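I have placed the structure first, in the form of structure tokens, so that the comments after it can refer back to it.
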Amino acid sequence: MPELQTAADGFLLDGEPFRILSGALHYFRVHPDHWQDRLRKARGMGLNTVDTYIPWNLHEPVRGSLRMAGGIDLPRFLDLAAAEGLHVLLRPGPYICGEWEGGGLPSWLLAEPGVRLRSTDPRYLDAVDDYFGRLLPLLDPYLSTRGGPVIAVQVENEYGAYGDDRDYLEHLAGLLRRHGVDVPLFTCDQPGDLARGGLPGVLATVNFGSGADGNLALLRAHQPQGPLMVTEFWNGWFDRWGGIHTTRPAADAAAQLDTVLAAGASVSFYMFHGGTNFGFTNGANDKHTYRATVTSYDYDAPLTEAGDPTPKYAAFREVIARHAPVPDMPLPAPSKKLNVLDVRLPQSAPLLAAAGLLGPGVSAERPRTMEELGQDFGFVLYSAALPAAGPVTLEVDGVADRAQVFVEGQPAGVLERESHHRALAFTSPAPGARLDLLVENQGRVNYGQGIHDRKGILGDVRVNGRRLQEWTSRPLDLADLAPLAFGRTDAPPVGPAFHRGVLALEEAADTYLDLTGWTKGNAWINGFHLGRYWSRGPQSRLYVPGPVLRAGDNEIVVLELHATTRMSVDLRDTPDLGPTEE
Ligand code: GLA
């Protein structure tokens, strides 16, 4: 494969002037059976390159292990990109932001009290060294200098928006070089952060969605020579629970793209295809108020979450064609979608009663955080005994992120980090009454100093001013639901419960699970964790990739944390990402 070089006024590929026309496609947000299809569509839009982050937390869920199979088989993704004739920009972080849980930093880093992430703190840096020491040799054959598709590698991610520890960036660049990464390195930053985030000798690039002329001028002022590159051209945006579905007109984004290309700059679309935050993988923001990102990462991109072309696909291809040759391919057709109404979920398993089947609890004087429990995602069930009968004011120091409170198994209220709740009042029926707090990790913060985001109950719990002691903390990561014993129910049980039903299909195809009437929880099909749903929206349907389904019987499991108006779900042939205006 050809080699990339930087010249005073642009890139060279094997000595010839070259413009990178790239799009972000995160393999970990797309079902692996769809990778080839999405890559081919990238080529069809006129792209010659794709870029991807690498999520450390999925690849090394336990320190010292490295996972690369199935949905995170990065070598396979790189092989497929190469087979489609695409170059690759690799963005291994280790911090990747991306609205991804914790910005991709594994939660086990936070088990160390006081650890300073994204710095030269040896407790962090040793872990980075170990991880890159395992990851990079595996990726070595994929560098273009060895005949692979990877033409350039990014150092960190928008570091200028976070810190000024130049030694940390130097260390990362040195680490990449020591492991044989001999393709060009680059950093990317928002325009105002270029000086803080840059590194001498490493190509600086810029991220923006609008104001192309001015922002490219800022990059040129910061870096008088070298290729102009927009590493993230934000053509859409992400959504948060409780907000609207954010969209951006194709014509507006296309006009900005035209300005970028007319300036001779290289570009990567953020996102070309957003995909989905399957399972518990969404991130969150916390600028005074905690806001979790939704399950869909559709991003209003050129391809929808299901890989269908949007008006942006045609508009961008047209703009690209003004500046570079585009393949003579017809617009891709949308994939077939299933529509099946009223799939009954007649069986259930109440969560509080079943919790013991899902994992052992840890007894201690204080509630343990998720990180202390060695748990990355999911819920923790905290249990203790109330000291007396009568009125109770329950105070919790640090709920991360949402605690449902139960007294003798009956719902007593909810404490939400997002709402800055700290206390709840209820009545204890008897001395020794059982108190349960089911605490959900709604996604670790992925941007800013808030990435030091530990989960569970973070401090003391007081009852009428006195610290409550003797706790059981039970991790519920819900990675394996097989131990659950389901029974037939005529009426929905009180409190959180799993609901199960069977969907008989003649053929598999993409579809959207509609959870209208349900309140909040998670859904699985054939053991594949589709993600979270929440009636507050904006999205009300979860994308189901066709390869998750099969001809014959399919098992649907829904964990409803509160209550449902119906014991059935629908599969719909259109998405519903919610209203685009307040
Ligand atoms: C920044 C980050 C990306 C992503 C976008 C917003 O540019 O670098 O990872 O978080 O913001 O979608």
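Once fully extended, how much extra length lies between A389 and A314, figured as 0.36 nm per residue of separation less the alpha-carbon to alpha-carbon distance?
Details: separation 75, 0.36 × 75 = 27.00 nm, distance 6.66 nm.
Full extension of this stretch gives 20.3 nm more.
Any idea what the dipole of region 1-111 comes to, in debye rounded to 20, about its Cα centre with Lys/Arg Cβ at +1 and Asp/Glu Cβ at -1?
It comes to approximately 280 debye.
Can you count the Lys pairs in the chain whose Cα atoms are under 27 Å apart, with each pair 8 or more apart or on different chains?
Taking the chain as the scope, the lysine pair count is 9.
Return the carbon/sulfur percentage of the accessible area of region 15-133, one whole number, probe 1.4 Å, all protein chains in place. Show your work: numbers first, answer last.
Working: 1630 of 3320 Å².
C and S atoms contribute 49 percent here.
Okay, helix-only estimate at 222 nm for the chain: each DSSP H run of n ≥ 4 adds -39500 (n - 2.57), divide by all residues, round to 500 deg cm²/dmol; what do you get? Don't skip to the answer; put the middle values down first.
Details: 10 runs with 100 residues, N = 582.
Per the formula, -5000 deg cm²/dmol.
Work out, step by step, the length gained on full extension between R466 and S65: first 0.36 nm times the residue separation, then minus their alpha carbon distance; give nm to one decimal.
Numbers: separation 401, 0.36 × 401 = 144.36 nm, distance 4.25 nm.
Full extension of this stretch gives 140.1 nm more.
Would you list T511, T472, T247, T427 from the most to the least accessible area, probe 1.4 Å?
Working: T511 0, T472 45, T247 75, T427 100 Å².
The residues order as T427, T247, T472, T511, largest area first.
For region 485-582, what relative contact order do you get, as a whole percent, if you take Cα pairs closer than 8 Å and at least 6 residues apart?
Details: 202 pairs, mean separation 38.7, N = 98.
It comes to 40 percent, rounded to a whole number.
Convex hull over the alpha-carbon atoms of region 135-224: what's its volume per residue in Å³? Provide the component values of the computation, followed by the final result.
Working: hull volume 9.6 nm³, N = 90.
Taking the convex hull of the Cα positions in region 135-224, it is 107 Å³ per residue.
Could you please state how large a percent of the accessible area of region 355-451 is carbon and sulfur, counting protein chains only and using a 1.4 Å probe?
It is 53 percent, rounded to a whole number.
What are the ³J(HN,Hα) values, in whole Hz, obtained from phi via the Karplus relation 6.51 cos²θ - 1.76 cosθ + 1.60 with θ = phi - 60°, for each residue of region 153-161 in sequence order, with x given for Gly and Pro?
Using θ = phi - 60°, the values come out as 10, 8, 9, 6, 7, 6, 5, x, 7 Hz.
What's the ranking of 567-573, 465-471 by average number of surrounding C-beta atoms within 10 Å, highest first?
567-573, 465-471
Using +1 at the C-beta of Lys and Arg and -1 at the C-beta of Asp and Glu, which of S363, V392, V463 has the Cα lying farthest in the positive direction of the dipole of region 328-481?
About the Cα centre, the residue reaching furthest to the positive side is V392.
Considering only DSSP beta bridges where both residues belong to the chain, give the percentage that are antiparallel (nearest 5). Could the numbers behind the result be given before it?
Values: 93 of 125 bridges.
Just about 75 percent of them are antiparallel.
Return the whole-Å distance between the Cα centroid of region 52-125 and the Cα centroid of region 131-172.
Each part reduced to its Cα centre gives a spacing of 11 Å.
To two decimal places, what compactness ratio does region 454-575 give when its Cα radius of gyration is scaled by 2.2 N^0.38 Å? Let's see the in-between values first.
On the way: Rg = 17.4 Å, N = 122, 2.2 N^0.38 = 13.7 Å.
So the Cα radius of gyration is 1.27 times the expected 2.2 N^0.38 Å.
To the nearest 20 debye, what charge dipole does the chain have about its Cα centre, counting +1 at the Cβ of each Lys and Arg and -1 at the Cβ of each Asp and Glu? Write out the running numbers ahead of the final one.
Details: 52 positive and 71 negative charges, 156 e Å.
So the magnitude is around 740 debye.
Short version: what are the Cα gyration tensor semi-axes of region 527-582, square root of 5 times each eigenvalue, largest first, in whole Å? Display every interim value, and only then the final one.
On the way: eigenvalues 95, 50, 21 Å².
Ellipsoid semi-axes (Å, largest first): 22, 16, 10.
Using a 1.4 Å probe on the protein chains only, how many percent of the accessible area of region 170-324 belongs to carbon and sulfur? Don't skip to the answer; put the middle values down first.
Working: 2670 of 4960 Å².
Reported share for carbon and sulfur atoms: 54 percent.
Find which of G133, M68, Y162 sits farthest along the positive direction of the dipole of region 31-174, computed with +1 on the beta-carbon of Lys and Arg, -1 on that of Asp and Glu, about the Cα centre.
So the residue furthest toward the plus end is M68.
Could you compute the net charge surrounding Y447? Neighbours are other residues with a C-beta less than 9 Å from the C-beta of Y447; K and R count +1, D and E count -1.
Working: positive: K287; negative: E99, E158, D286.
Neighbour charge sum, excluding Y447 itself: -2.
Can you give the convex hull volume of the alpha carbon atoms of region 334-396 per residue, in Å³?
Values: hull volume 16.4 nm³, N = 63.
Expressed per residue, the convex hull around the Cα atoms of region 334-396 is 260 Å³.
Any idea what the dipole of region 159-316 comes to, in debye rounded to 20, about its Cα centre with Lys/Arg Cβ at +1 and Asp/Glu Cβ at -1? Display every interim value, and only then the final one.
Values: 10 positive and 17 negative charges, 28 e Å.
Computed charge dipole of region 159-316: roughly 140 debye.
List the extent of the Cα atoms of the chain along each of their three principal axes, largest first, rounded to whole Å.
Cα spread of the chain along its principal axes, largest to smallest: 80, 55, 42 Å.
Net charge near T247: determine it from the other residues with C-beta under 13 Å of the C-beta of T247, scoring Lys and Arg +1 and Asp and Glu -1.
Values: positive: R248, K312; negative: D239, D252, D298, D300, E581.
So the surrounding residues net to -3.
Could you sort D9, D436 by their accessible area in this structure, using a 1.4 Å probe and putting the largest first? Could the numbers behind the result be given before it?
On the way: D9 130, D436 5 Å².
Output order, biggest surface exposure first: D9, D436.
Let me check against my output: what whole-number percent is the relative contact order of the chain, with C-alpha pairs under 8 Å and at least 6 apart?
Numbers: 1453 pairs, mean separation 86.1, N = 582.
Once normalised by length, the contact order is 15 percent.
With a 1.4 Å probe and all protein chains left in place, how much accessible area per residue does region 523-582 have, in Å²? Before the final figure, lay out each step's value.
Values: 2240 Å² over 60 residues.
That works out to 37 Å² per residue.
Which of the listed residues, Y124, P483, A173, is farthest toward the dipole's positive end in the chain, when Lys, Arg count +1 and Asp, Glu count -1 at the beta-carbon?
The residue sitting farthest along the positive end of the dipole is P483.
The values are calculated or read from the model by the stated rules, or taken from the named source; none is laboratory data. Predicted model only: the values in this text are computed from it and were never measured. A quick note on method: Cβ atoms are made from the backbone with ideal geometry, for glycine too, and the neighbour counts reach across all protein chains shown. SASA here: full protein model, heavy atoms, side chains in, ligands and nucleic acids out. Shrake-Rupley method; radii C 1.70, N 1.55, O 1.52, S 1.80 Å.
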